[in-house]
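Enquirer: Questions regarding the structure given below will be posed in turn.
Every number in this text was worked out from the coordinates using simple rules, so none of it is lab data. All values derive from a computational prediction rather than experimental measurement. Neighbour counts are summed over all protein chains in view; Cβ atoms, including those assigned to glycine, are modelled from backbone coordinates with ideal geometry.
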């Protein structure tokens, strides 16, 4: 499928392939980093979203991630057992749970951010600051045009 036009005759279609290679490389480096913290990339992603959306309901988080509720329960159970996330009943809907990072969860999220920054720095080391900014802008524009949520990795759905 071609999105929004044709590939120019002078250049073979390689952008998707290169993005896939770079994505796999970046994912492997990030996975190595977060595993040193005792986390999976999925758990790290949940911490990141909870850091940005404190008090989100477990149901809303599952919907945003595109995973089934049973998988969400297992993810939160794991993070709760590590002392990183606290679950509490919603004051407005007793059937719903609100999710918050604990102090330890906020500390672990700071560690995850450092790993993400180190991974990105290694991935983009050959670029100037302007090239990095331009690349980020272009990738963000592409993701938005395709309806992707820049905070939710499609890998969550693969685990569901």
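Enquirer: Just report the Cα centroid separation between region 91-108 and region 133-147, whole Å.
Expert: Cα centres, region 91-108 to region 133-147: 31 Å.
Enquirer: Right, next: Label region 82-153 by shape, choosing from rounded, prolate and oblate, from the square roots a ≥ b ≥ c of the eigenvalues of the Cα gyration tensor; if a/c is under 1.5 it is rounded, and otherwise prolate applies when a/b is larger than b/c, oblate when it is not.
Expert: The shape class here is oblate.
Enquirer: Residue 37 label point, 7 Å along Cα→Cβ, cut-off 12 Å on backbone N: hits in region 111-145?
Expert: Within reach of a label on residue 37, which here means backbone N under 12 Å from a point 7 Å along Cα→Cβ, region 111-145 contributes 111-119.
Enquirer: Calculate how steeply helix 103-123 sits against the longest principal axis of the alpha-carbon atoms of the chain, using the helix alpha-carbon long axis, and give the answer as 0 to 90 degrees to the nearest 10.
Expert: 10 degrees
Enquirer: If you don't mind, there's one more thing I want to ask. If we sort 45-58, 94-107 on the protection proxy, mean other Cβ atoms within 10 Å, highest first, what's the order?
Expert: 45-58, 94-107
Enquirer: What do you get for the angle between helix 69-81 and the principal long axis of the chain? Use alpha-carbon atoms, 0 to 90 degrees, nearest ten.
Expert: Tilt relative to the chain: about 70 degrees.
Enquirer: While we're looking at this one, here's another question. Averaging sequence separations of C-alpha pairs under 8 Å and six or more residues apart, then dividing by the length of the chain, give the relative contact order as a whole percent.
Expert: That works out to 25 percent.
Enquirer: Now, a different point. Using only helices, what value at 222 nm comes out for the chain when you add -39,500 (n - 2.57) per DSSP H run of length 4 or more and divide by the total residues, to the nearest 500 deg cm²/dmol?
Expert: -19500 deg cm²/dmol
Enquirer: Tilt of helix 41-52 relative to the longest C-alpha principal axis of the chain, in degrees (0 to 90, nearest 10)?
Expert: 70 degrees
Enquirer: Roughly how large, in nm² to one decimal, is the mean projection of the convex hull of the alpha-carbon atoms in the chain?
Expert: Averaged projected hull area, Cα only: 11.4 nm².
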